[in-house]
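Structure first, then comments.
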Amino acid sequence: MEKSFAPIIEKINSANDIVLLVHENPDGDAVGSMIAFYRALTKIGKKVDGVIEKHPANCVFLTSTIGKEIKTFEEADLTKQYDLCIVLDCGNSERLNVAKDLFVNAKDTACIDHHETNFSFANANYIKPEAAATGELIFDLLNEMQIAIDTEIATALYSSIISDTGNFCHQNTTKRTFEIASSLMEYGIDVPKISYYMFNETRLNRLIFMGKILSKIEVFLDGKLSIICATQEDVDEFQIDKSELDGIVDYARYIKGVEVGILLKPRDGVYRLSMRSNGKVDLLEIAAKFNGGGHKYAAGGRVDTDSIEKAKEEVVKAFAEVL
Ligand code: 5GP
Ligand code: MN
């Protein structure tokens, strides 16, 4: 069936009070898509709230400027009833965390997403796993709604796209990705500045923390699997915000001969798992075993233990079947 934005546009047209949500522990795609769509809907006179768990460290350049109106869970009224709740870049309602109440209580719901593991959980859904980023879908939607893109919206969309494609380096990058990026450049965005804030700028302590955990990296399964571990003690020692753990997993897959790179990171008494494949191994089946999901070559999950050794063991066991 041909995908169509029509049902979602209809819902937007008949709603006055709209709330936008994204997945917990938001990344650049989630934040960029939300800011772009927030600004676009505001432009056409809609009353909109954007609600996000926290502002990720590498997106503060957006949330402190063109995304100032976006509220964190702490600032938002999570009991409010909206006409329409639109979920962006999120494959299931559990990943909305405590903002799930806004989704459940809304009079109507829609979802725009590119996660392979999205099974259309809203009333109207536009799910396109071939899209590199949700930002690509927002770009298409704005064009269809004939909402004019401006420098701020273009900046947010460009941020979203470089975040999920790793600056056009991941396997999900397509000809369409470059076409959209090229169009966005027509609005005078500052490409080097956006790239710097998204990927390079870091706190000194985070860099030292990275040095520490990278020095303990291990390889398994004939050098095809590598695991970086960040324990609760490491995170506490350097006061690392959970958003500052993003991007580190890639180092694991840079090792010559490695097919899958893993980062194990502590979260609420268990270990979260970030997985990146260099293209031979499809991660989705394994992500499902770890109660997670995502994309073929970039996925997440959870190991239900507070022991880093046990978590590592479980991961190696699971990958021994496919590597
Ligand atoms: P990351 O390793 O960066 O946390 O996640 C990689 C990709 O998988 C991202 O697109 C993220 O949204 C998705 N992802 C991570 N954890 C989960 C999860 O528990 N469930 C689902 N459905 N997707 C996840
Ligand atoms: Mn995304």
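The values are calculated or read from the model by the stated rules, or taken from the named source; none is laboratory data. Keep in mind that this is a model prediction, so the values were computed, not measured. Virtual Cβ from ideal backbone geometry, glycine too; neighbours counted across all protein chains shown. For accessibility, only protein heavy atoms count, side chains too; no ligands or nucleic acids. Shrake-Rupley method; radii C 1.70, N 1.55, O 1.52, S 1.80 Å.
Can you spot a residue in region 213-223 that is within 25 Å of GLY28 (Cα to Cα) and outside the structural domain of ASN58 (by TED's automatic domain parsing)?
Of the residues in region 213-223, the ones within 25 Å of GLY28 (Cα to Cα) are 213-214.
With outside the structural domain of ASN58 (by TED's automatic domain parsing) added as a condition, the list becomes 213-214.
Yes, region 213-223 contains a residue that is within 25 Å of GLY28 (Cα to Cα) and outside the structural domain of ASN58 (by TED's automatic domain parsing).
Inspect region 236-244 for any residue being open to solvent by less than 60 Å² (accessible area, probe 1.4 Å) and within 16 Å of ligand 2 (Cβ to nearest atom) and give the result as yes or no. Steps first, answer last, please.
Filtering region 236-244 for residues open to solvent by less than 60 Å² (accessible area, probe 1.4 Å) gives 238, 240-244.
Within this subset, residues satisfying the condition of being within 16 Å of ligand 2 (Cβ to nearest atom) are 243.
Yes, region 236-244 contains at least one residue that is open to solvent by less than 60 Å² (accessible area, probe 1.4 Å) and within 16 Å of ligand 2 (Cβ to nearest atom).
Based on what the data block shows, is THR155 more than 15 Å from ligand 2 (Cβ to nearest atom), in contact with a Cys (Cβ under 6 Å, 6 or more places away or on another chain) and not in a loop (DSSP other than H, G, I, E, B)?
Values: more than 15 Å from ligand 2 (Cβ to nearest atom): yes; in contact with a Cys (Cβ under 6 Å, 6 or more places away or on another chain): no; not in a loop (DSSP other than H, G, I, E, B): yes.
Against the criterion (more than 15 Å from ligand 2 (Cβ to nearest atom), in contact with a Cys (Cβ under 6 Å, 6 or more places away or on another chain) and not in a loop (DSSP other than H, G, I, E, B)), THR155 does not qualify.
Mind telling me which of the residues ILE208, ILE213 ends up being in a helix (DSSP H, G or I), buried (at least 18 other Cβ atoms within 10 Å of the Cβ) and modelled with pLDDT of 95 or more? Walk me through it before giving the result.
Numbers: ILE208 fails: buried (at least 18 other Cβ atoms within 10 Å of the Cβ).
Unique residue meeting the criteria: ILE213.
Among the listed residues ILE35, ILE8, which satisfies the condition of being within 30 Å of GLY301 (Cβ to Cβ), within 16 Å of ligand 2 (Cβ to nearest atom) and of a type outside the set (Lys, Arg)? Working first, answer last.
Details: ILE8 fails: within 16 Å of ligand 2 (Cβ to nearest atom).
After applying the criteria, what remains is ILE35.
Looking at (1) surrounded by fewer than 15 Cβ atoms within 10 Å (Cβ to Cβ); (2) over 28 Å from GLU94 (Cα atoms), which one does SER307 not meet, given that it meets all the others?
Among (1) surrounded by fewer than 15 Cβ atoms within 10 Å (Cβ to Cβ); (2) over 28 Å from GLU94 (Cα atoms), SER307 violates only (2).
Taking VAL219 and the conditions (1) assigned to a strand (DSSP E or B); (2) of a type in the set (A, V, I, L, M); (3) open to solvent by less than 60 Å² (accessible area, probe 1.4 Å), which numbered condition does it fall short on, given that it satisfies the others?
Among (1) assigned to a strand (DSSP E or B); (2) of a type in the set (A, V, I, L, M); (3) open to solvent by less than 60 Å² (accessible area, probe 1.4 Å), VAL219 violates only (3).
Select from region 97-148 the residues that are at positive phi and within 16 Å of ligand 1 (Cβ to nearest atom) and write down the one among them that is farthest from the chain's Cα centre (by Cα). If you could, list the steps in order and put the result at the bottom.
Of all residues in region 97-148, those at positive phi come to 97, 120, 146.
Checking the rest, the ones that are also within 16 Å of ligand 1 (Cβ to nearest atom) come to 97, 120.
Values: ASN97: 14, SER120: 18 Å.
In this case the residue turns out to be SER120.
Pick from ALA40, ALA15: which is over 18 Å from ILE161 (Cα atoms) and either in contact (Cβ under 8 Å) with a residue 60 or more places away in the chain or more than 13 Å from ligand 1 (Cβ to nearest atom) (or both)?
Values: ALA40 fails: over 18 Å from ILE161 (Cα atoms).
One residue alone meets the criteria, ALA15.
Taking only region 120-137 into account, find how many residues are within 11 Å of ligand 2 (Cβ to nearest atom) and buried (at least 18 other Cβ atoms within 10 Å of the Cβ).
7
Taking PHE103 and the conditions (1) within 14 Å of ligand 2 (Cβ to nearest atom); (2) under 13 Å from CYS90 (Cα atoms); (3) in contact (Cβ under 8 Å) with a residue 40 or more places away in the chain; (4) touching a Cys at 6+ places or on another chain (Cβ under 8 Å), which numbered condition does it fall short on, given that it satisfies the others?
(1)
Of (1) within 16 Å of ligand 1 (Cβ to nearest atom); (2) open to solvent by 40 Å² or more (accessible area, probe 1.4 Å), ILE52 satisfies all except one. Which?
Answer for ILE52: the failing condition is (2).
Please go through region 260-290 and give me each residue that is part of a loop (DSSP other than H, G, I, E, B), open to solvent by 20 Å² or more (accessible area, probe 1.4 Å) and in contact (Cβ under 8 Å) with a residue 12 or more places away in the chain, ordered by number. It would help to see each step written out before you state the result.
Narrowing region 260-290 to residues part of a loop (DSSP other than H, G, I, E, B): 268-269, 278-283, 290.
When the remaining residues are screened for being open to solvent by 20 Å² or more (accessible area, probe 1.4 Å), the result is 268-269, 278-280, 282.
Across region 260-290, the qualifying residues are GLY269, ASN278, GLY279, LYS280, ASP282.
Being crowded, with 18+ Cβ neighbours inside 10 Å, at pLDDT below 95, within 18 Å of ALA156 (Cβ to Cβ) and of a type outside the set (Asp, Glu), is that true of even one residue in region 177-197?
No, because not a single residue in region 177-197 is crowded, with 18+ Cβ neighbours inside 10 Å, at pLDDT below 95, within 18 Å of ALA156 (Cβ to Cβ) and of a type outside the set (Asp, Glu).
Here's the yes/no breakdown for (1) closer than 17 Å to VAL31 by Cβ; (2) modelled with pLDDT under 95; (3) buried (at least 24 other Cβ atoms within 10 Å of the Cβ):
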residue	(1), (2), (3)
LEU96	yes, no, no
ASP101	no, no, no
ASN105	no, no, no
ASP108	no, no, no
ASN118	no, yes, no
ALA148	no, no, no
SER160	yes, no, yes
THR165	yes, no, no
